[in-house]
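One structure below.
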């Protein structure tokens, strides 16, 4: 468990690379000039008041095949840990939304279709839509 990173993961780096190539600029890991945001979002677009979380499917209990895999060894521990993570994510999402932030969660499995991911990111970050 100590070798599992929470920051600068491969999925996060891929999303950052895609966005940077498109000209988007951001702050990392929940930092703004006003301090830290709840949940330490992976990418913060302070001027747009938007944040992006890049979540691993297994760790955050996504509804895809990988996220629904339940380990056989020490099953009760993993169920408790993953449920706690899911509940914490929901609380942090509410805190951010109540503070006026728009939130997008990118799941690890979405990285399999890069063009669809790029379109989803563009739609989320496009300021002309509203």
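The values are calculated or read from the model by the stated rules, or taken from the named source; none is laboratory data. Predicted model, so just to flag it, every value in this text is computed and none were measured. Cβ atoms come from the backbone with ideal geometry, glycine included; neighbour counts cover every protein chain shown.
How many of the residues making up the stretch 2-22 are assigned to a loop (DSSP other than H, G, I, E, B) and either at pLDDT 90 or above or at negative phi (or both)? Full working, then the answer.
Residues of the stretch 2-22 assigned to a loop (DSSP other than H, G, I, E, B): 2-9, 22.
Now drop any that are not either at pLDDT 90 or above or at negative phi (or both), which leaves 2-7, 9, 22.
Residues that pass the stated criteria total 8.
In the stretch 26-57, which residue that is free of Cβ contacts under 8 Å to residues at least 12 places away in the same chain and outside any strand (DSSP E or B) is farthest from residue 75 (Cα to Cα)?
47
Only residues in the stretch 85-97 that are closer than 20 Å to residue 46 by Cβ count as the first member; pair them with residues that are surrounded by 14 or more Cβ atoms within 10 Å (Cβ to Cβ) and at pLDDT below 90, Cβ under 6 angstrom, at least 6 apart or cross-chain, and list the lot.
From the stretch 85-97, the pairs are 92/38; 92/39; 95/38; 96/38.
Hey, can you tell me all the residues within the stretch 85-123 that are touching a helix residue (DSSP H, G or I) at 6+ places or on another chain (Cβ under 8 Å), within 20 Å of residue 63 (Cβ to Cβ) and part of a helix (DSSP H, G or I)?
Within the stretch 85-123, 108, 110, 111, 116, 117, 120 qualify.
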